[in-house]
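Colleague: My structure is below; once you've seen it, I'll send some questions.
Just so it is clear, none of the values below were taken in a lab; they were calculated from the coordinates. Fair warning: this is a prediction, and the values are worked out from it, not measured in the lab. In this analysis, Cβ positions are derived from the backbone assuming ideal geometry, glycine residues included, and neighbour counts consider all displayed protein chains.
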């Protein structure tokens, strides 16, 4: 069989189906021996059309749709949406509801970071860490189940408040779990700081400077590991973060090791703030009334998802359905860093650099069609584009 | 322990052949189970390795485009055959080797390497990119651990003044355990065995998160089953050799089970405890540390032997 040879480059394809990927994405690493000389990414395998779907549903229905954008950070999407809608409607959720929202946010952060810890360790071939961190993660999953009855899609949010109350008995039952988690996380911190082989696989790998992080638009723990102090929870507090503030966790090094440290320290910080909230949960109603039709207007809503800043743009035309919901998830901001950092590293480092940003594929896939064979280059005005969009989806 | 059986039976049923295959599967199960327990998992059932082999043998073997058909089919057979042959010179199950001659240690070491070379060739034979990267890594790793591993196996031979495995085994049974006299050699031999079998942390040649299954990516069905069996048997042989040389020899079945089992326990623990090394780190480790340690041990032995011969 003749082997087609386009040029002399040796490209290792990773994905769309590959053992390293838990979700489909396509990466092409051009390698020279083991050294990566170029990298490219192609996304879009799990585009689900949620933004368009949101325009067909009522405000309340959308809350459930948004929660399903991500299977790991489900609550934070619903929170971002609910807060945006509340802002449009001119309603503020009662203090207790906001505190309970924050409880769910932080529990979700703990489970997301522990999941990531396992996945990232597995990518580096450290399966013992993977198994242990996922076992310990079950504790926080049990807590979420106790609070809401669900392990993944808690659906704790309502427009104008939350669905579930947290009773003193629940708090008592969660305390031993939190203590155990804290102990385990300190142990993991010791492991990643002490294990020679693990350090040799992570220290100095994928180093991103503060300037690079800023230029590439990195967000979340990926940016904070490069000493870029930016956290929506602190810079623009939402939910009850003004009453129960979290501390900013940053690291200087900017390498993979720093990303491990930042995420584990953030998890410990989440446990600390959870204890604080449990000790002083404000007393109030759980919901405020939100009208069925939301007044016309536009708003943005920003929250700090476990992976970084999550951004919602919500436009209402005064009806019972949104005019437009635009979601920008943190993974999308961080892709650029992977492609940039990959060059010059070894092929063996790619899975860890890739998972270092904690990528979530399905939540950042957008559909873009590039018409390459167009005869005349068209310059479209905003109105043309909008009309084309309406016609396209009709 | 000596056994007088018809040579054909010794070759095909016991201790070679069928019995050897079965023990390879048992060792694979024990390794997987121990590792699973260390990782807080349940692990496979006892019959799982056998079920895997039966399933793989029953499956259609897909010969991909762009490979040399003859090589693709022959290499797994060749690999398994070399592993099975190597077993004939090793005191398996505490029984004296079925066949033995002066210098069989060198032949055994050579036969054990044939499996790895077959693996590398099988990967290089394919046009699959994961296989090619895997084959390169397999070969690179072969060149890194082979010399220290050989040194570690030759050192007991030097002390025993024989290149015959059965004689070294008998010598090791008479003196104090060589692990006490040559601790460095023991460590190099055990870790070298892990490198040879591409076990974690030396599993870069088949790192699933990077290159799927490395050199064996294109293998399915029969070829894959034979390669797996070959590796299982190499595990048995390797453990037997290390136990016979460094842990005071293997004289009977009980000693065989206890000593190889103990080694397997240590190996499973080592497999669990570390993250995967990059291939450049593997090479660096072996040449900077492994080979140096092996040489230091060799030097110490040569001085020791010289002193003993000249002083007494």
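Colleague: Quick one: angle between helix B:129-160 and the longest Cα principal axis of chain B, in degrees between 0 and 90, rounded to 10, please.
Modeller: 10 degrees
Colleague: For the residues A:300, A:264, what sequence is obtained by ranking on other C-beta atoms within 10 Å, fewest first?
Modeller: Starting with the residue having the fewest Cβ neighbours, the order is A:300, A:264.
Colleague: Let me ask another. Sorting A:69, B:62 on the 10 Å Cβ count, fewest up front, what's the list?
Modeller: Least to most surrounded, the residues fall as B:62, A:69.
Colleague: Kindly provide log₁₀ I(q)/I(0) values, in the same order as q = 0.06, 0.09, 0.11 Å⁻¹, from the Debye equation applied to equal alpha-carbon scatterers of chain A.
Modeller: -0.25, -0.57, -0.84
Colleague: Also, I was wondering about something else. Which angle between 0 and 90 degrees, to the nearest 10, do you get for helix B:253-273 versus the longest principal axis of chain B when only C-alpha atoms count?
Modeller: 60 degrees
Colleague: Right, here's the next one. Beyond 27 Å, how much of the Cα-Cα pair distribution for the stretch A:132-288 remains, as a whole percent?
Modeller: 35 percent
Colleague: Expressed as cubic angstrom per residue, what is the convex hull volume of the alpha carbon set of chain B?
Modeller: 129 Å³
Colleague: Take the stretch A:195-284, drop everything but the C-alpha atoms, weight them equally and run the Debye formula without solvent; then report log10 I(q)/I(0) at 0.24, 0.25 Å⁻¹ to two decimals.
Modeller: These q points yield log10 I(q)/I(0) values of -1.12, -1.18.
Colleague: Nearest 10 degrees, 0 to 90: what angle lies between the long axis of helix B:183-196 and the longest principal axis of chain B (Cα atoms)?
Modeller: 20 degrees
Colleague: List, largest first, the extents of the alpha carbons of the protein assembly as shown along their principal axes, each in whole Å.
Modeller: 99, 67, 46
Colleague: Counting alpha carbon pairs within less than 8 Å and at least 6 residues apart, what relative contact order, in whole percent, applies to chain A?
Modeller: The value is 24 percent.
Colleague: What three numbers, in Å, describe the spread of the alpha carbons of the stretch B:1-127 along their principal axes, ordered from the longest?
Modeller: Sorted from largest, the Cα extents of the stretch B:1-127 read 49, 40, 25 Å.
Colleague: Moving on. Along the principal axes of its C-alpha atoms, what lengths does the stretch A:62-199 span, in descending order and rounded to whole Å?
Modeller: Answer, in whole Å and largest first: 55, 32, 22 Å.
Colleague: Set the Förster distance to 51 Å, then compute FRET efficiency between residue B:265 and residue A:385 from the Cβ-Cβ distance, nearest 0.05.
Modeller: Calculated value: 0.15.
Colleague: Taking the square root of 5 times each eigenvalue of the Cα gyration tensor, what semi-axes in Å does the equivalent ellipsoid of the stretch A:1-139 have, largest first?
Modeller: After scaling each eigenvalue by five and taking roots: 40, 23, 11 Å.
Colleague: Counting only C-alpha contacts under 8 Å and six or more residues apart, can you give the relative contact order of the stretch A:1-93 as a whole percent?
Modeller: Computed over the stretch A:1-93, the figure is 14 percent.
Colleague: Show that you can apply the helix-only estimate: for the protein assembly as shown, add -39,500 (n - 2.57) for every DSSP H stretch of four or more residues, divide by all residues, and state [θ] at 222 nm to the nearest 500.
Modeller: Calculated mean residue ellipticity at 222 nm is -18500 deg cm²/dmol.
Colleague: Compute the relative contact order of chain B as a whole-number percentage, counting only Cα pairs closer than 8 Å that sit 6 or more residues apart in sequence.
Modeller: Relative contact order, chain B: 27 percent.
Colleague: Moving to a separate point now. Give me the log10 of I(q) over I(0) for the stretch B:89-183 at q = 0.10, 0.23 Å⁻¹, as the Debye formula computes it from C-alpha points; what are the numbers?
Modeller: -0.38, -1.11
Colleague: May I pose another question? For residue A:172 and residue B:71, FRET efficiency with R0 = 51 Å and r from the beta-carbon atoms, rounded to 0.05?
Modeller: With a Förster radius of 51 Å, E is 0.15.
Colleague: From the P(r) of the stretch B:234-306, can you give the percent of Cα pairs sitting at distances over 16 Å?
Modeller: 66 percent
Colleague: Something else: By per-residue mean of other Cβ atoms within 10 Å, what is the highest-first order of A:116-122, B:112-118, A:60-66, A:276-282?
Modeller: The most tightly packed comes first, giving A:116-122, B:112-118, A:60-66, A:276-282.
Colleague: Then there's this: Hey, could you get me the Stokes-Einstein D for the stretch B:158-312, Kirkwood radius over alpha-carbon pairs, 37 °C and 0.692 mPa s, rounded to whole µm² s⁻¹?
Modeller: 189 µm²/s
Colleague: Using the Cα atoms of the stretch B:148-210, I'd like the radius of gyration and the largest Cα-Cα distance, Dmax, both in angstrom.
Modeller: Taking only Cα atoms of the stretch B:148-210, I get Rg and Dmax of 14.6, 48 Å.
Colleague: Further question: So if we plug the beta-carbon distance of residue A:92 and residue A:150 into 1/(1 + (r/R0)^6) with R0 = 25 Å, what FRET efficiency do we get, rounded to 0.05?
Modeller: Between residue A:92 and residue A:150 the formula returns 0.45.
Colleague: What nm distance separates the two modelled labels at residue B:18 and residue B:307, each placed 7 Å from Cα along Cα→Cβ?
Modeller: With each label placed 7 Å out from Cα toward Cβ, I get 5.3 nm.
Colleague: Sort B:193-199, B:257-263, B:245-251 for me by packing, meaning the mean count of neighbouring Cβ atoms within 10 Å per residue, highest on top.
Modeller: B:245-251, B:193-199, B:257-263
Colleague: Across peptide B:208-221, how many C-beta atoms of other chains are within 10 Å of each residue C-beta, on average?
Modeller: 4
Colleague: May I pose another question? Which residues in the stretch A:39-66 place their backbone N less than 13 Å from a point set 7 Å from the Cα of residue A:320 along the Cα-to-Cβ direction?
Modeller: Correct set: A:57-62.
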